[in-house]
1. Given 5 Å bins starting at zero, what is the percent of C-alpha pairs of segment 103-182 in each, up to the one with the largest pair distance?
2. Please list, in order, the residues from segment 113-149 whose amide nitrogen is less than 11 Å from a point placed 7 Å along the Cα→Cβ vector of residue 101.
3. Is there a quick way to get the dipole size of segment 142-189? I mean about its Cα centre, with the Cβ of Lys and Arg at +1 and of Asp and Glu at -1; what is the value in debye to the nearest 20?
4. Can you compute the modelled spin-label distance between residue 9 and residue 40, with each label point 7 Å from Cα toward Cβ, in nm?
5. Using the beta-carbon distance between residue 183 and residue 18 and R0 = 41 Å, what value does 1/(1 + (r/R0)^6) give for FRET efficiency, to the nearest 0.05?
6. Using modelled amide H (1.01 Å from N, peptide plane; none on Pro or chain starts), what sits under 5 Å from the amide H of residue 87, excluding residues fewer than 5 places away?
7. Round to a whole angstrom and tell me the spacing of the C-alpha centers of segment 131-194 and segment 78-115.
8. Select one label from (1) 19.0, 63; (2) 17.7, 60; (3) 22.0, 77: the one whose number is Rg and Dmax of the Cα atoms in Å as derived from the coordinates shown.
Amino acid sequence: MPTITTNHRPIVYDVKRNDVAFIKIYLDDLNGVQVTTSPEKADEKISAFIKKKADWIHERWEDTHKDLYTIDQLALSEEEQKIAYLGRSYRLIVEKATQQTFKFQKGKFVFHYLDGWTEEEAAEQLIRSAKQWLYEKAAEKFPSLSEVLVETEEDHTRLGKKTGQHIHLNWRLIQRSKENIQQTIEDLIQEKTC
């Protein structure tokens, strides 16, 4: 499957060749970016068109799956913030400390950042740490949610992909409930489109 990267964000897309005179982009809720074009259209022209539409693709995808992207909006604020994990939202506590840590303990997330960091540096590290923690938990939990082999993948602007007897799931799905994740796995097994 072809991939392009813009602003450090990958877009993986499927190309279907039909007897059409144009390039059509469709965002499948489950499988991500689907492209329909003529058999004669060069791959370079397709990828150039996808690059041209990349901002629109990301905007539409993130708007469709808002719950998966709230993690990217974390900040050092006085307001109460929450992080979703397996369908539940847990309080986030942010404190200055002598050592940077991010952990889940006693039903809440705790982020300690160094006293000398600027607010921007601390916020960036908070987001990186939360994403890394969720990615690791996804890799740990996803295989236990199905009898087929389930692997964790980066965010490729799709919820997942079936390859042979394997399912690859977007790590961000760990923020949804087990039932929702299992339904996504089942939909991928059945090769549904949305």
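1. 3, 14, 21, 21, 15, 11, 8, 5, 2, 1
2. Under cut-off, by backbone N: 113.
3. 100
4. In this crude spin-label approximation the distance works out to 3.5 nm.
5. 0.85
6. 176, 177
7. When both Cα centres are located, 25 Å separates them.
8. (1)
Every read-out reported here was derived from the displayed coordinates using simple, explicitly stated rules and does not represent laboratory data. A quick note: this is a predicted structure, and the numbers were derived from the prediction, not measured. Backbone-built Cβ (ideal geometry, glycine too); neighbour counts: all protein chains shown.
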